[in-house]
Amino acid sequence: MKYVLLTLISAMLLSISWPTYGVPFFIFTALVPLLMMEHGISKFSNYKRKGWVIFGLSYLCFIIWNIVTTGWLYGSKNPDGSHSLMAVLFPVLINSLLYSLVFQCYHWYKNAQGTYWGLAFFVAIWMSFEKFHLNWELTWPWLNLGNSFSEYPKLVQWYDTLGATGGSFWILLINVLLFYTIRTWEAGRKRKDLITNSSIVVGLIAIPMMISLIKYNNFDEKPVGTVNVLMLQPDLDPYDEKYSIDSLTIENDLLSLAERNSKEKIDYYIAPETALPGRGSISETAFEKSLILYNVKEFLSKHPGSVFATGISSHKLFTSNNNLPKDAYQLNTDLWVERYNTAVQIVPNQQVEVYHKGKLVPGVEIFPYMNYLKPILGDAMINLGGTVASLGTDKERVAFSNPYNKGKIAPIICYESIYGEFVTEYVKKGANFLGIMTNDSWWGVSEGHRQLLSYAKLRAIETRREIARAANSGISAHINAKGEIVEDTFYGDKTTLFSKINLYEKQTFYVKAGDLLTRFSIFALGFLLFYFIIKWFQKKTSKQKA
């Protein structure tokens, strides 16, 4: 029961640390009970299968954490309108399994190399896993540890140097040092060591926060200009209205909403992810013939000097199987199609600028590892509300330049806003403010849309760019370059949000260097594994000689 209790304490501390309801300071101790559980079972228990016991308890910890923090996924629905149990079960079970495997690798390495090397390995493999989770096709970095401070931007202003992944390293380091402090006290009961180690821990917590407060209070970067932005929040039900109402009716409602709230000169109208067309999608080879896009240009002709940035569903048709995109699928004998979740910038008398979403939601927008899993799963994923194909993506980010002023918008689409280093690619392309087009309505009134908004604050700090966030049902928001929400809307309102967005062009160290501590951790992981192999080989050789 002692080890179960330690496991449950870790699960509780991880859960109550999480935004947007939690207190992140508990995250500094959240992994300590789990480390104590592993150490106690490894060194002092009589279990025959210690590894399996540790794996089972760690899985219990991580599954509780996942359920409490991302259980809102149950709010998503199947095509028939019923709630999808698999929409929450699959990510919760798999994500918990992955974290447990990481912890199990730590257990194996620590038993082989000793506690000190093991703790170094723990930090390195956890950091490497977070990076892996940012980049593979089952990507789900929602619970990366550095995200836990998203509701306290004043305390993590140093993310403009090391990013949210630097926050993960910070949290892991403090947990490891706390565990080390407890172990050394239990082993030797030396007050001097306790005071020294405790002081180091307190310093490592306090110093980055003090640096952050100094950065916060002394932020004085001068903008190169400002733009007037009107964020549109049409509150269109994503399950029923979007597919049952005529596309022109949906567009007329959106443009009427914009017209009614154009009280001042507007530089940017920003609409949410896939705000248009409604049913179906727009052919990219016929943008100039699209009535939907023509109507937007007609609207803009009444508002000279304005541009319209919006999310749309689009597609391209192909009539040859030569050089087909990898995500194109066959409609009939001579026709293939590739579909996209797209951001466009519309300017009268100019060609429509296009960006295709680069980070896709697993199971919804991408069939992960389709060549391997589709023969096994068949149509199971579509029956669970997912996809039987994958959307096409752009390999590079873009920045849409405004022809009337200095504005250069980063057209970030929904899920992309979780990815720190990924978002910096927009800034490297010249973006001087971030435009997030999102639809958080799939989960209803839950922590889902609140957490996604909260994580956007970290992108503002990392890049020192202001954010204009247009959400279908809310929360639409203006976030300043210090990660603070300046103005926002209520979830579920059909409304708009007018904001004056400052434009910044200086690149932060994080924009230039990216996830630096993660790369160091991957290198350290490689070194630790190589060191283990060398030691194992030397031991084996010495036994053979003996």
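Every read-out reported here was derived from the displayed coordinates using simple, explicitly stated rules and does not represent laboratory data. All values derive from a computational prediction rather than experimental measurement. Glycine gets a Cβ as well: all are built from the backbone with ideal geometry, and neighbour counts include every protein chain shown.
The angle between the Cα long axis of helix 32-44 and the main principal axis of the chain comes to about 30°, on a 0 to 90 degree scale. Once you sort the root eigenvalues of the Cα gyration tensor of segment 20-94 as a ≥ b ≥ c, which label holds: rounded (a/c under 1.5), prolate (a/b larger than b/c) or oblate (the other case)? It comes out oblate by the Cα gyration axes. Fewest-first ordering of 508, 438, 20, 393 by other beta carbons within 10 Å of each residue's beta carbon gives 20, 393, 508, 438.
3J(HN,Hα) couplings calculated from phi for segment 122-136 with the Karplus curve 6.51 cos²θ - 1.76 cosθ + 1.60 (θ = phi - 60°) are, in sequence order, 4, 5, 5, 6, 5, 4, 5, 5, 4, 5, 4, 5, 7, 10, 7 Hz; Gly and Pro show x.
Magnitude of the charge dipole for the chain, about its Cα centre and with charges confined to Cβ atoms of Lys, Arg (+1) and Asp, Glu (-1), is about 3020 debye.
Derived scalar couplings between HN and Hα for segment 8-19 equal 5, 5, 4, 4, 5, 5, 4, 5, 7, 8, 8, x Hz in order, rounded to whole Hz, by the Karplus curve 6.51 cos²θ - 1.76 cosθ + 1.60 (θ = phi - 60°), x for Gly and Pro. Pairs from the table (190/540; 77/494; 408/457; 263/316) lying more than 31 angstrom apart at Cα are 190/540; 263/316.
The residue list 102, 461, 369 was ranked by how far each Cα lies along the charge dipole of the chain toward its positive end, using unit charges on Cβ atoms, and 102 comes out on top.
As I understand it, the value is the acute angle between the Cα axis of helix 447-463 and the longest principal axis of the Cα atoms of the chain; what does it come to in degrees, rounded to 10? Helix 447-463 and the main axis of the chain meet at about 90 degrees. Between 0 and 90 degrees, the angle of helix 85-113 with respect to the longest Cα principal axis of the chain falls at about 30 degrees. The stretch between residue 326 and residue 404 holds 24.3 nm of extra length on full extension. This uses 0.36 nm per residue minus the Cα-Cα distance. As a proxy for reagent exposure, ranking 356, 315 by other Cβ atoms within 10 Å from fewest up yields 315, 356. Spin-label model, residue 498/residue 94: points 7 Å from Cα along the beta carbon direction are separated by 4.6 nm. Pairs spanning more than 21 Å between alpha-carbon atoms, out of 297/428; 48/110; 357/428: 297/428.
Between residue 190 and residue 319, residue separation times 0.36 nm minus the direct Cα-Cα distance comes to 38.8 nm. Charging the Cβ of each Asp and Glu at -1 and of each Lys and Arg at +1, and nothing else, the dipole of segment 428-508 about its Cα centre rounds to 380 debye. What label, among (1) 33, 27, 22; (2) 45, 28, 21; (3) 49, 30, 21, belongs to semi-axes √(5λ) of the Cα gyration tensor in Å computed from the structure on display? Only one listed value fits the structure, namely (2). Only sites in a loop by DSSP and with at most 13 other Cβ atoms within 10 Å count here; which trypsin sites (Lys or Arg not before Pro) in segment 1-100 make the cut? Listed in order of number, the matching sites are 48, 49.
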